[in-house]
Each structure stands twice: as C-alpha cells, then as structure tokens.
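Reading through the structure tokens given below for one structure.
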Amino acid sequence: MADKIHTDKAPAAIGPYSQAVCLGKTVFTSGQIPLDPETGLMVGEDITSQTERVCKNLKAVLEAAGASLDSVIKTTCFLADMQDFAPFNEVYARYFSGKPARSCVAVKTLPKGAMVEIEAIAEIVKGN
C-alpha cells in the first residue's frame, strides 16, 4: 500500500489527490503550481517568480517524504507559454543542480491560471 504525504509547508491539494505518494523507496509528487502554502493564493506575475515558488513547494513536499531535490530522478514540467522556456530554465537549474531526467511541454492552460507546474519522481533517502 502506498503512503500518502502531506505537509503544511506546501499548498494543500486543490482537488481529490495527495501532494505525493510513496511506494517503497520512491516518491511520486503531484504537480506543484505557484500557490503560497499559507494563503493558498497564486504567487508572482512572471515566470521567474512563479518558478521559484513552485520549486520551493516541491522541495517541501519532497522533504516531507524523506527525499530532496538532489534525489530527484525525473521531472515533468508544464509551461503555459514556451516563450518562457529560457527564464524557466535559469531558475530550474538553480534548484535541480543534479540534472535529473526531464520532460518539458507547453500546455494550453494550467490550474488557477499558473504559468508553470512541475511534478517529480525521487528516491527516498531517509526513513519514512
């Protein structure tokens, strides 16, 4: 049975899903969008600030599961506008210095009008 992960350091799920699920030594996160965990409101009006918030949210979920950004194996990134690819990559590279495998696609729309969403698969590195 998979363990459900929840942390107040990341936004609560806005639908019928978990922030992450652990199965064995692997954690699968749900996509994170740039919501402030305290207010539940969208943060940032540009791709740089939104990507920063998404990465912080993802980091909190991973840590709650016993993983880290350094233990990420694969990310899937969704951009509302591929014109944002270069500035998105600048922020992404600071958080994912281990260069995990990645897919990055443009989508028509994201929840709550977000400009970016990132989900990850990571190895659990400490007890959970």
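The values are calculated or read from the model by the stated rules, or taken from the named source; none is laboratory data. Here the structure is a predicted model, which is why all the values come from computation and not from measurement. Please note: Cβ atoms are built from the backbone with ideal geometry, for glycine as well, and neighbour counts cover all protein chains shown.
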Going through (1) touching a strand residue (DSSP E or B) at 6+ places or on another chain (Cβ under 6 Å); (2) part of a helix (DSSP H, G or I); (3) without any contact (Cβ under 8 Å) to a residue 60 or more places away in the chain one by one, Q50 fails only at (3)
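Quick grid of which residues meet (1) within 24 Å of K4 (Cβ to Cβ); (2) of a type in the set (A, V, I, L, M, F, W, C); (3) in contact with a Gly (Cβ under 7 Å, 6 or more places away or on another chain):
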{"position": "L35", "(1), (2), (3)": "yes, yes, no"}
{"position": "V61", "(1), (2), (3)": "yes, yes, no"}
{"position": "D84", "(1), (2), (3)": "no, no, no"}
{"position": "Y92", "(1), (2), (3)": "no, no, no"}
{"position": "A101", "(1), (2), (3)": "no, yes, no"}
{"position": "V105", "(1), (2), (3)": "no, yes, no"}
{"position": "I121", "(1), (2), (3)": "yes, yes, no"}
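This table checks each residue for (1) of a type in the set (S, T, N, Q); (2) more than 13 Å from E119 (Cβ to Cβ).
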{"site": "A12", "(1), (2)": "no, yes"}
{"site": "G31", "(1), (2)": "no, no"}
{"site": "P34", "(1), (2)": "no, yes"}
{"site": "N57", "(1), (2)": "yes, no"}
Return the total of residues in region 67-93 being assigned to a helix (DSSP H, G or I) and either more than 14 Å from the chain's Cα centre (by Cα) or without any contact (Cβ under 8 Å) to a residue 24 or more places away in the chain (or both).
-> 9
Quickly run through region 54-76 and pick out the residues that are at negative phi and among the small types (G, A, S).
-> A60, A64, A65, A67, S68, S71
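Let's see how each residue does on (1) farther than 14 Å from T29 by Cα; (2) modelled with pLDDT of 95 or more; (3) out of contact with any Asp or Glu (no Cβ under 9 Å at 6 or more places or on another chain):
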| site | (1), (2), (3) |
| --- | --- |
| K59 | no, yes, yes |
| G66 | no, yes, yes |
| D70 | yes, yes, yes |
| T75 | no, yes, no |
| L79 | yes, yes, no |
| P87 | yes, yes, no |
| F96 | yes, yes, no |
| P100 | yes, yes, yes |
| V105 | yes, yes, yes |
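Provide a single number: the residues in region 94-109 that are surrounded by fewer than 17 Cβ atoms within 10 Å (Cβ to Cβ) and either in contact (Cβ under 8 Å) with a residue 60 or more places away in the chain or not in a loop (DSSP other than H, G, I, E, B) (or both). Before you say what the answer is, go through the steps one by one.
Residues of region 94-109 surrounded by fewer than 17 Cβ atoms within 10 Å (Cβ to Cβ): 94, 97-109.
Retained after the next criterion (residues that are either in contact (Cβ under 8 Å) with a residue 60 or more places away in the chain or not in a loop (DSSP other than H, G, I, E, B) (or both)): 94, 101-106.
Number satisfying all stated conditions: 7.
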Do we have any residue at all in region 37-46 that's touching a Cys at 6+ places or on another chain (Cβ under 9 Å) and either surrounded by 14 or more Cβ atoms within 10 Å (Cβ to Cβ) or charged (D, E, K, R) (or both)?
-> no
Filtering region 1-46 down to residues that are charged (D, E, K, R) and not in a loop (DSSP other than H, G, I, E, B), which residue is nearest to the chain's Cα centre (by Cα)?
-> K4
